[in-house]
Amino acid sequence: MNKLLSIGITSVCLCSFLYPAMAAPTQKSVTTISFEIHPEGKAFFQSESDTVKGYQPIEKGVARKLELDAPAYFFYMDVKQRNHTVYLSPGAEMKIIEKAPGQLEFKGTNSDINDFLNKHPYLMTTPEGCQQYSNEWKQFNQKQLDEKIQALQTSGLPQDFIENQTVYYTCQNISQMVSGPEFHRMFLRTEPELAPGYYDFLKDLKFDNARILLYPKWFTMMQDAFDQMEKQQLIPVSYKNCLSTYAEHITDPAVRSQFIIRYLDLLLQKGYSEEFPAYMQIARQNVNTPAGNQKLNQLEANYQKMAAKYNSIKRGNKAPAFSGVDMNGKSYNSADYAGKIMVLDFWFSGCMPCKAEMPYMEKLADDLKGHDIQFFSLSLDSGKELVNMWKGLVKDKTGETTLQLNIPDGFKSQLAQHFGIRSVPRIVIINQKGEIVDAFARRPSDPKLKNQIEELLGIAPQTAVVTKEECSLVMQQVMKAETATEKEEIMKAFSEKVQQAKADFAYPMLNMMVYQVVRSLYRENHIERADNYVKKMSDSGFKRDLLFLSGGNCMENDQFEIATRLVGEASELTLKLNEGKELSDEEKDKYPVIFGTFAELLIREGKVKEAAPVIRRAYEYGNKNDFSLNKSYAAVLMYEKKYAEALPVLEMFFNQGTASAQHEAWLKEAYTATKGSDKGFSGYLKSMTKASDKQMEEKLKNKMVKEEAPLFSLKNMQGETVALEDLKGKVVILDFWATWCGPCKASFPAMQKAADKYARNKNVVFLFINTLDSKKNLEAEVKKYMNEKGYNFNVLFDHLNPATKESPVFASYKSQGIPAKYIIDKAGNIRFKATGFSGSDEHTVDELSAMIDTLL
C-alpha cells in the first residue's frame with residue numbers, strides 16, 4: 001500500500017515544481033566574420049533580431065568577432081542597400097566578398113549554406129494582375145513558400161540547418177501574412193480588402209518547436225499573431241488573463257518561457273502596468289529554469305521601482321482636473337464630465353503611431369456611444385506651427401464621441417507632467433469616481449482596451465472565459481490551501497465559472513479538485529460533509545478511485561476506522577463495475593491495489609476470516625513478490641492453517657530480507673506442521689538468512705556511488721543551526737520528507753528504529769529535512785506531529801523559496817521525489833541513495849544498517 005501510494009500521491013504533489021527538462025545551450029564559441037566591400041559604397045552588418053536598433057556600418061579591413069552558443073541569422077546590407085540573410089554557427093570563420101555591387105561571394109564555414117540562402121530568399125510578392133491579399137495572392141505566395149522548402153529539403157545541406165531554415169521560412173510566412181495588412185492600414189491609411197477567411201491559418205496555430213527561437217524576430221511574429229487572433233475573436237480577449245491564453249497556445253516549454261519573459265519585459269518598457277503582479281503569477285507557473293527565474297526576479301524588482309516612481313498615478317488615486325481648447329478656441333474642462341468614465345488619448349501631430357491609432361480610437365468611441373463615457377483626444381502640440389498642423393489634422397473630426405482638444409504647454413503642461421508623459425501615444429483611463437484606473441492603458445488597436453473599458457461600464461460579455469492555464473493555477477491554489485474549507489471555497493467558485501463558460505475540457509481538473517477537497521474533509525474528520533460529496537456521485541471509476549484514495553490517505557493518517565469503510569466501499573464498487581465483464585488490463589492492475597489494501601485493513605482489525613476472499617482476489621492479479629500482498633496473504637494462510645501453501649510465501653520474506661519476528665514464528669509453525677517436528681529448522685532458517693545476506697551485499701555493491709554531497713546550513717526545530725560541513729568525520733543519513741507525503745511518514749517508524757539502533761554511536765548522525773512544504777505554521781505543526789508520534793528526530797527546515805518555488809537544499813540534491821534518503825560517508829561524499837518506501841520496517845532498517853556499517 002505505501003509503495004503504491006508513494007507513486008500515486010507523489011505524482012500529484014510534485015506537479016507544482018517538476019518541469020520538462022530543457023536542453024542546455026552549448027558553450028559559447030567565438031565566430032569570426034570578415035568582409036571585402038566593394039569600393040563604391042558603404043555596407044552594414046547586424047543581427048536580424050527585433051531587439052537591434054539601427055544599422056552597424058562595416059569598417060573596412062576589420063573583422064567582426066561574435067560569441068554564439070547557437071546558430072544565428074544576420075543581415076548584410078550591400079552597397080546598393082539591399083539586405084542579404086547570413087547564417088552563422090558557433091566557432092565559424094567566414095568571409096563575405098562583394099565583388100560587384102550587390103553580388104556576394106561567401107568563403108569559409110557555412111559558405112554553401114549562405115550561397116543557398118542568397119539564391120532562395122523568401123518575400124511575399126504580388127504578381128501582376130493579382131489583387132493583394134486575395135485568395136489568388138495567398139495561393140501564389142503559398143506555392144512560393146512550398147518551393148523554397150522543397151529546394152531546402154533536396155539541397156544536401158546539413159540536416160540541422162534544413163530544420164532551422166524550414167522553421168525560419170514558416171515564421172517569415174506567418175509574420176508577413178499577419179503584419180502586411182497592418183502596415184497597409186498604418187501607411188496607406190486605408191482598409192485592405194482581405195480574402196474571405198484570410199486569417200483562418202491562425203485558428204490552429206500552435207508554437208510547438210523550440211527552433212522558433214532561432215528566428216530573429218520570433219517574439220514580434222508571435223505577439224503580432226496573438227494580437228490578430230484576438231482581433232479576429234479566435235481566442236478570448238481578456239486584459240487580465242491574456243498571458244494565460246497565450247501560454248496555452250505555446251506548447252513548447254522553452255518557447256513559452258522565453259515568450260513570457262519577453263512579454264513582461266516589453267510591458268515594463270512601455271510603462272507601469274497595474275496587471276503586472278497577476279501576469280507575474282502566471283509567469284512563475286511557466287518559467288522553471290534558474291536563468292528564467294533570475295530574469296523574472298529582475299523584472300519584479302524593476303516593477304517595484306516603477307511602482308514607487310509612479311506612486312501618484314497608481315490605480316485608485318484621484319485624477320487631476322484638466323482643461324483644453326478645441327480648434328476653434330473653445331475651452332473644455334474635465335469637471336464638466338464628472339460621473340462619467342473618461343479615456344484620455346495623449347498624442348502630437350508628428351507621431352506616426354499616434355495617427356495610425358486614431359481610426360481605432362474613433363471606432364471604439366462610436367461602439368460605446370450612448371454609455372456614460374467620454375473620449376478625449378489630447379494633443380500635446382505646442383507652438384504656432386505645430387498647433388496649426390494639429391488643427392489641419394482634426395478639422396474634419398467634429399464628432400461629440402471624441403473631443404479633439406489641445407493642451408496648452410503640451411509636454412510641459414501640468415497634466416502631462418503629472419502623468420509622467422515622455423512619449424506618445426499614451427492612453428489613460430479614469431473611472432466614474434474620478435479615480436485613475438490605468439495610467440498606461442493599452443492602445444486603441446488592442447481589443448483588450450475595449451475589454452477593460454466595457455468591464456468598467458458593466459457591459460463586458462457575461463460569458464466567463466476559462467483557460468487551461470487557469471485550470472492549472474486554480475489546481476495549485478486548491479493544493480496549497482491549508483484547510484479543507486479553504487480548498488472547498490476555491491473549488492466551488494471555479495466550478496461555477498466552468499459551468500458558466502461551458503468549458504467541458506476543465507471537468508477532469510475539477511474532478512481532481514473534488515478529490516483534494518474530499519480527501520481533506522475526511523482527513524479533518526468532516527465525515528458527513530465528505531460523504532455528501534460522494535453520495536451525489538453516480539457509480540463510476542472516478543467515484544471508486546476517490547473512495548480508495550481517500551481511504552488510503554486516512555490509513556496513512558492513522559484514521560483506520562474510516563479508512564476501512566472507504567476502502568471497503570471502493571472494493572464493493574469495483575466488483576459492481578466489473579460484474580459480468582472481462583477485466584481490462586487497467587482493472588487487473590487495480591485489483592491487487594484496492595483489494596490488497598482492504599485485506600490489510602481487515603487483518604489489522606482482527607477480521608482475518610473476512611479478509612481471506614479479499615486477499616485471494618488481490619493475489620490472483622498481483623505481483624507475487626509484493627511485500628504488502630504477501631504479508632496479508634501469509635496472515636490468512638496461517639489463520640486457515642494452510643501451512644504447505646504458507647511456507648513458500650513466508651520463505652520469500654527471508655529471501656528478500658523483509659522478514660519480521662512474526663514471520664519467523666509463523667515460519668517455524670508452518671515448518672513444524674509440515675515436517676512433523678521442528679528438527680532441522682535452525683539450519684533451514686540459517687540457509688535462508690545467509691542467502692538474504694549475500695543478496696543484500698550484492699545489492700549494496702550495485703547501489704554504491706561516490707558524489708560530493710552539496711553542503712548546506714539549516715535551522716532545526718530548536719532553532720539551532722546544523723551545517724553539513726561540521727559533520728565531516730561522521731556518517732550522515734539525510735531523510736527528505738514533507739508533511740503532505742504519506743509514504744514519508746509511513747517510513748518514520750522504521751527510521752526511528754534505525755536511529756535508535758545507532759543512538760549511542762557518535763559517528764552516525766540522522767537528519768530529517770522537511771522540504772517542499774508551504775504551510776503557514778509549518779514549524780509548529782511539525783513539532784506537534786513529532787511529539788504526538790513520539791519521534792525524537794533532529795528535524796531541519798528546508799523552506800520554500802517564494803521566488804523560485806524550490807526548496808534549495810532538496811533542489812541541490814537533484815532528487816525526483818520524496819521520501820528521499822542519502823547516506824554520506826565521513827569524507828562528505830554521497831555513497832548511497834534511496835527513494836520511496838518498501839512498506840517493510842525490517843527491510844528498511846536492515847538495508848540502512850548495512851549501508852551505514854559499510855561506511856563506518
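Annotation: lysines with alpha-carbon distance below 21 angstrom to Lys148 (same-chain offsets under eight excluded): Lys119, Lys138, Lys217.
The gain in end-to-end length when the Ala63 to Thr166 segment is fully stretched comes to 34.1 nm, 0.36 nm per residue minus the alpha carbon separation. Couplings 3J(HN,Hα) for segment 162-178, derived from phi with the Karplus relation 6.51 cos²θ - 1.76 cosθ + 1.60 (θ = phi - 60°), are 4, 5, 4, 6, 4, 5, 4, 4, 4, 5, 4, 4, 4, 4, 6, 5, 7 Hz, where x marks Gly and Pro.
If R0 is 51 Å, the Cβ-Cβ spacing of Ile97 and Lys231 corresponds to a FRET efficiency of close to 0.65. Pairs of lysines in segment 445-570 whose Cα atoms sit within less than 16 Å of one another amount to 7, provided the residues are eight or more positions apart or on different chains.
What does the charge count around Gln142 come to, taking other residues whose C-beta lies under 12 Å from its C-beta (Lys +1, Arg +1, Asp -1, Glu -1)? Mind dumping the intermediate values first?
Working: positive: Lys138, Lys143, Lys148; negative: Glu136, Asp146, Glu147.
Its environment carries a net charge of 0.
Peptide packing for 630-640, 576-586 was compared via the average number of neighbouring C-beta atoms within 10 Å per residue; ordered from the highest value, the list is 630-640, 576-586. A straight line joining the Cα centroids of segment 255-278 and segment 774-798 runs 39 Å. Per-residue 3J(HN,Hα) values for segment 705-721, derived from phi via the Karplus relation 6.51 cos²θ - 1.76 cosθ + 1.60 with θ = phi - 60°, read 10, 8, 10, 5, 6, x, 7, 8, 9, 10, 8, 9, 4, 8, x, 7, 8 Hz in sequence order (x marks Gly and Pro). Taken as Cα centroids, segment 26-47 and segment 484-521 sit 58 Å apart, rounded to the nearest whole angstrom. Please give the helix 468-480 orientation as an angle from the longest Cα principal axis of the chain, in degrees from 0 to 90, rounded to the nearest 10. Taking the Cα atoms of the chain, the angle to 468-480 is about 40 degrees.
With a 1.4 Å probe and all protein chains left in place, how much of the accessible area of segment 764-856 comes from carbon and sulfur atoms, in whole percent?
That fraction is 48 percent.
Here's the picture: charge each Lys and Arg Cβ at +1 and each Asp and Glu Cβ at -1 in the chain, and of Asn525, Val343, Val167 the one pushed furthest to the positive end of that dipole is Asn525. Lysine pairs in segment 585-643 whose alpha-carbon atoms fall under 16 angstrom of each other, counting only those eight or more residues apart or on distinct chains, come to 9. Note on Thr401 and Gln499: with the Förster distance fixed at 51 Å, the Cβ-Cβ geometry gives a FRET efficiency of about 0.85. Using the charge dipole of segment 125-219 (Lys, Arg: +1 at Cβ; Asp, Glu: -1 at Cβ; taken about the Cα centre), state which of Asn141, Gln131, Leu205 has its Cα farthest towards the positive end. Farthest along the dipole direction, towards plus: Leu205.
Which of the pairs Lys53/Lys270; Lys776/Lys805; Lys305/Lys775 have their Cα atoms more than 18 Å apart in this structure? Flagged as over cut-off: Lys305/Lys775. Here the extension length gained between Asp585 and Arg185 equals 138.0 nm, from 0.36 nm per residue of separation less the Cα-Cα distance. Between amide H atoms placed 1.01 Å from N, distances below 5 Å from Glu36 occur with Ile96, Ile97, Glu98, all of them 5 or more places distant or on a separate chain. Distance from the Cα centre of segment 814-856 to that of segment 685-725, in angstrom? Value for the Cα centre distance between the two parts: 3 Å.
Taken one residue at a time, the phi angles of segment 425-442 give Karplus couplings (6.51, -1.76, 1.60, θ = phi - 60°) of x, 9, 10, 10, 10, 10, 7, 5, 8, x, 9, 5, 9, 7, 8, 9, 6, 5 Hz. Gly and Pro are set to x.
A cut-off of 5 Å between modelled amide H atoms, ignoring neighbours fewer than 5 places along the same chain, links Ile341 with Ile373, Gln374.
Given the -39500 (n - 2.57) contribution per DSSP H run of 4+ residues, what per-residue ellipticity at 222 nm results for the chain, rounded to the nearest 500 deg cm²/dmol?
Numbers: 30 runs with 421 residues, N = 856.
It comes out at -16000 deg cm²/dmol, rounded to the nearest 500.
Near the amide H of Ile769, within less than 5 Å, lie the amide hydrogens of Asp735, Phe736, Trp737, Leu796, all on another chain or at least 5 residues away, with H placed in the peptide plane.
Most tightly packed first, judged by the mean number of other beta-carbon atoms within 10 Å of their residues, the peptides 270-279, 56-65 read 270-279, 56-65. When peptides 297-309, 666-678 are sorted by average Cβ neighbour count within 10 Å, with the highest value leading, the order is 666-678, 297-309. Computed over protein heavy atoms with a 1.4 Å probe, the accessible surface of the chain works out to 48 Å² per residue.
The values are calculated or read from the model by the stated rules, or taken from the named source; none is laboratory data. The structure displayed is predicted, hence computed values, not measured ones. Heads up, the Cβs are rebuilt from the backbone with ideal geometry, glycines too, and the neighbour counts pull from every protein chain shown. Side chains are part of the model used for accessible areas, which takes the heavy atoms of the whole protein and leaves out ligands, DNA and RNA. Shrake-Rupley method; radii C 1.70, N 1.55, O 1.52, S 1.80 Å.
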